[in-house]
Amino acid sequence: MVYLADRFTMQNGTLPTYSPSLTPIHSPAASTLHTAIQEILPEANQSIFKTLSTTIYRSVQSDQTALKEEPQALDAIWVVLRSAGAQPASINQLERVHEAVKRIHHHYTTTLSAASRKFAKHQSERLHLWNQSAAADFEQCALSSRAGERHLDSSYSSLRSAASGRNETQSTPVQSAPPAFTPGWLRLRCSQLEIVRASGRSAADVAIDVLPILTDEAITDVGLQNDLFDAFAGDFDAVSEILAQRENIKKHAEAIMNDCDDAAQLASHGIHVDFSGRSDAPSSTNGSFALAGIQVTVRDKEVDALRHRQLREREKALKNGLFPSLTQHTDTNSVTTRELGGSSYLERQKAFPGIELASDSAIGTIDRVGLPKGSTREVGQGYEEIFVPPPPRKTSGSARLVEVSAAFLEDPELLDCMKGVTTLNRLQTAVFPSAFQSKENLLVCAPTGAGKTNVALLTIFREIVAKKRGTQPSFKVVYVAPMKALAAEVTEKFGRRLAPLGLRVREYTGDMSLTKREAMETHVLVTTPEKWDVVTRKSGSHLANTVTLLIVDEVHLLHDDRGAVLESIVARTLRLSETAHIQVRLVGLSATLPNYDDVAAFLKVNPGRGLFHFDSGYRPVPLSQAFIGITAGGASSSKDARRARENKMHEMAWKKVKDSLQRGHQAMIFVHSRKGTVKAAKEMMQRAVDDMCQNIFLGGDTETVSRELTIRKGVSIKGNPQSEQVLPSWAAKKISKSRSADIRELCSKGIGIHNAGLFRPDRQLVEQLFAEGVLRLLCCTATLAWGVNLPARTVVIMGTEVYNDQKGAFEQLGMLDVTQIFGRAGRPQFDTQGEGTIITHHEHLAKYVNMLTHAVPIESNLGSSASRLADHLNAEIVSGTVSTIGEGVLWLSYTYLSVRMPKNPLVYGSDWAEVGVDPGLYSRRATLIEQAANALDDARMCRYNPRGGTLTPTDLGRVSSHFYVSHKTIVAWNELLSNLPRTRAESDADWDVIYSSVIHAVSCATEFEQMRSRQEEEDELEKLKRKHCPLPLKATSETREGKVSILLQAFISRALIRMSDLSYIVQSATRLLRALFEICIRRGFTSFSVAALELARASELRIWPFQHPLWQFTYLNRKDKRYLLQPETIALLDEAGLNDILTLRKMSREELSEFVRAPQIIQTVQKAVAAIPILEIKDQKITLLTRTLTLVELCLIPDFRWIDVLHGSAETWWLWIEDYEENRVYHSQKVTLTKAQVASFSRQEDTDSHKYPKGLRIAVKVAVFDPPSPQYVVRVESDRWHTGSGSTAVLCF
């Protein structure tokens, strides 16, 4: 009937007819069907007939009697017609449609069965058939009409003759050449796939699935390669062969589709057509014979018996409600099935009559692997929902759990660190011998919440015990967490656990910097991949050399954009361990992975002793998952469509929340913006009011109340007493004191909101109320899932579009965030099950189902682009671990890229032929390293000698490595700096141009290449540009360069900015300005060096170089508010022209009182002025040694008051010597002074009669141009303080 449906046509409203190649439909039956449908649906068109006939065929193809006897077949017809808008006046109309279909079906099956019997008679002779064209003709004949049966006889006779003639001349079959491309080639090739054999799907179904993407001109070969790799479950040979035939497939797409239909038709009547892959396939004694690469099989009695048993099971499922009868249908907007898991794709299509699964359902793209058994799907008005039940929970069986007291019997001090824990759980018990009793590298793959963090704690205990027993002199643990929020959470947890032992646990991220001394004194450092990469990049890092245990959390993020950083730090650790003979233990913690053996090989884990993989059954609270795809509004981006999608999302979220709350549980809704938390909370409250259950959110005390019921105006009576939840008095008192109006309004009704925009006391209040059960619904952002452990029975992710400030665009919520949020579902002490729901647009539904139910092999991201590999190779060159191409290839062998590349070469630009010649792909690795080396050499980041293969770092490469500047940015800056003039800035206008050029160079960095200026931001950007941008722009606000420039200037001007891109821009711009300063000073650009350093300080202090130096004491980031000045005070001094630090230092309290009235403020001003670190230049002189070499001598004297809270342990300045005439820097260096040095450099008298200040004496030899300039300038600038104009001194011969 599928084939029948494809041949329906509508000709001027007349009856549907067959194409001439098929048996003509019995006209009375077709007429009856057409008339019956027209009665119900006057607007019937070709697609309705096609869908209807497809539906009936899939419902009854396995059993002809089902069509006549089962009332569920009526439902199948009705689903299709109802979806098209049909409204029958009576059941009789539907029955007439049913009767017409039965007659067509009977005529069709009678015709086909005759062809099948004829075919079965001939195949019993078991002859080898060699002629490819005759075989294709023979297969077509099996589907033709009665007239075609005569052609079947003649075709079969010719095949027998051909086979007999060949057998007479050659008794042994010979392998024939590969057949030419035919319409059946794609289906025949698909029949060889392992996924076809394993899943039970037909080759025709698989071919039909991939045909649309093969013929899509918009999909490139690279994109198609990835899609086919997923569809074929990693069969690389098939991907390569099909890609090679893509042009032929596109040319014959229609013929291929017809061929697949024909094969499906044969298969439905017991004839299986499969590709054997050999032209000499031996004949079968079980009713099969070879057919020039095609093996045709007819089911024997045993197979038929099995088929009938399956049919009977299916009938039982039908009767049990798989297709509820028409009279039992209560929801006219949904089609529900109870079983999705475990069936083949075709069976699932049978389960959804009238639904084109491959096109408008997520099931079509999910089915490659199969959903877990018990999964269900519901299609309703504006949504599709897929429910995945929790997996069966693993029981410990006969294995005994490890008791903590017995485990640490020899080390009782560790018991204080495990307070509240009596036994290890099943996972920790299994891992305990390897984690605590050995030094093996570990990889533990387990679901979120299974107890992996405590496994990490066991490995830390191992280090503590080893030091106590003297087997190692000391220990240092580095825990690499994927996010800063998670790093803070781990720091708090480990700090609390290890506090009884007196161990120091500190966070070491971009937000929490440590001095070298502090880092060395810390026992456990919790950091992020990028931070640890920066620390270990520097050659001779003493901190990296002291590490004995490296724990990498969420190691499955190797496939993420940041995965290359993980590869780099692990490879660097492994090489350090081998070359320096330092034993460093590696522990990887990960979610469940399909290719965990590859990750174990990368971490150098012994599979027999250190590899542990636990499936979702080991989750402490089993998790059921619901995936909802919103179809309301379609794919339109109009305002009405967006509103429709948003309204449906709120409706589905309320449905899940209400169900959970009515069962007495708590629920959490996760959204992705601060405003979204308030909006979602108010929307839930309004829907509760509409459903008359507004008190459902309160979980406090119970109170009996009697409400008055109004009968009519002026007349009311008391209602019956009812029990209602009320807010506890202590909670009401705390809520009333909140500074947030939204908190006061919503929390009093039982709904909490939580986001980073709230004051900390308000966030803590909400956390307390939810933990106490007073609030039963919490609307929050994803930061709550990372930083605070507040579980609930039900968790709902409402929407998956998240704004990425690094890319400047919206992107889909990542797997890490989803698993972390779902990890909050279910409270181990109270719940037996957690419930996680994700609501997304329908187009992303399949992605999230596959992401969370089917593990996809993770690939390396290191070689995803030449620039990315060049960045990490440059870091190794700078650190000194790679100095030749050979060492680069060796370094690459420590990465995850080297593990995966031979196993999946197509993803990495290689092929299987190369793997056959070079199994380890060593030559491919050498090619990658050479390409990266050439790219670095072109950017002047290293010097590559192709003859010797040597790699030498340059200053530019060192700056790039130390400041984490990408190779692409260096290339862009090289071009910009090459066009800069060397003229000296003389006026304020000249400096404005230079400042603008520096900011423009930063805004051109590829770190911002993903950022976009959106239309809705234009008004705000223009407003910021007018009011808060003192420097001219070199790009318009519509460009990303203009947007970055405006936001950076507005931030320095301390403007109120509500754009989410700001934090990433500021964080990146400060680092890039530092890098640009060092590049400019090494290239000798005097004015640009000064401007870059001043702007770097400006972005840190939020003070412009032309502002009063005391403005830096108004910024609240200062560590001690005792030195905080009010803007009004500085404005008075600025208006009086007192903007020079040295002038203010000379003024007495009485003089200052003329401008500043309050004595306390005068004292603060004097302390602040004295604290600004200035180095005076004394005794400077220059001596000409040769025509191109001079000797410069000088003395630097500290002239400030050292305050620990402001200056820390050391202060740094930049000193450089410049040619005033040429505007060129000849020498530069850093000068660092400690508190002790500053104290010792006080002014003292020498024993001679002359008085010399005691300070830091510097003597440097400087190469100069010939002839030398008559005048040079020594400049000293503070690295992080705005001192006004710095210190300068003139050098003359």
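The values are calculated or read from the model by the stated rules, or taken from the named source; none is laboratory data. No experiment lies behind these values; they were computed from the predicted model shown. Cβ atoms come from the backbone with ideal geometry, glycine included; neighbour counts cover every protein chain shown. Please note that ligands, DNA and RNA were not included when accessible areas were found on the heavy atoms of the full protein model with its side chains. Shrake-Rupley method; radii C 1.70, N 1.55, O 1.52, S 1.80 Å.
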Check: C-alpha center the range 1216-1237 vs C-alpha center the range 642-656, spacing in Å is 63 Å
Ordering Arg824, Arg1187 by the accessible surface of their heavy atoms, 1.4 Å probe, largest first, yields Arg1187, Arg824
For the residue pair Lys1181 and Lys1254, what label-to-label distance in nm results when each label sits 7 Å from Cα along the Cα-to-beta-carbon direction?
2.2 nm
At R0 = 25 Å, how high is the FRET efficiency between Arg393 and Lys493 if r is their beta carbon distance? Nearest 0.05 is fine.
0.50
Sorting check: for 1002-1014, 1051-1063, 632-644, 1135-1147, which peptide has the highest mean count of neighbouring beta carbons within 10 Å, and how do the rest follow?
1002-1014, 1051-1063, 1135-1147, 632-644
Dipole magnitude of the range 867-972, debye to nearest 20 (Cβ charges: Lys/Arg +1, Asp/Glu -1, about Cα centre)
140 debye
Label-point separation (nm) for Glu241 and Ala1263, each offset 7 Å from Cα along Cα-to-Cβ?
6.4 nm
Obtain the nm distance between the two label points defined at Asn804 and Arg982 by a simple spin-label model: each point lies 7 Å from its Cα along the Cα-to-C-beta direction.
4.3 nm
Could you give the length gained by full extension between Leu1142 and Lys373, i.e. 0.36 nm per residue of separation minus their alpha carbon distance, to one decimal place?
268.9 nm
Given H placed on each backbone N at 1.01 Å, which residues far from Asn804 in sequence or on other chains put an amide H within less than 5 Å of it?
Ala809, Phe810, Glu811
So if we plug the beta-carbon distance of Thr579 and Ser438 into 1/(1 + (r/R0)^6) with R0 = 22 Å, what FRET efficiency do we get, rounded to 0.05?
0.35
Expected output is a single nm value to one decimal: the length gained when fully extending between Glu772 and Arg1280, i.e. 0.36 nm times separation in residues minus the C-alpha distance. What is it?
178.2 nm
With all protein chains modelled, accessible area of Arg575 [1.4 Å, Å²]
30 Å²
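In the structure displayed, which of Lys679/Lys847; Lys682/Lys847; Lys656/Lys679; Lys538/Lys1261 lie more than 19 Å apart, Cα to Cα? Before the final figure, lay out each step's value.
On the way: Lys679/Lys847 27 Å; Lys682/Lys847 30 Å; Lys656/Lys679 17 Å; Lys538/Lys1261 27 Å.
Distance filter (> 19 Å) returns Lys679/Lys847; Lys682/Lys847; Lys538/Lys1261.
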Cβ-Cβ FRET estimate between Glu521 and Lys419, R0 fixed at 22 Å, reported to 0.05
0.30
Would you mind calculating the gained length between Gln931 and Leu401 on full extension (0.36 nm times residue separation, minus the Cα-Cα distance), in nm to one decimal?
185.4 nm
Which residues does a label at Thr1232 reach in the range 521-551, if reach means a backbone N under 16 Å from a point 7 Å past the Cα toward the Cβ?
521, 535-544
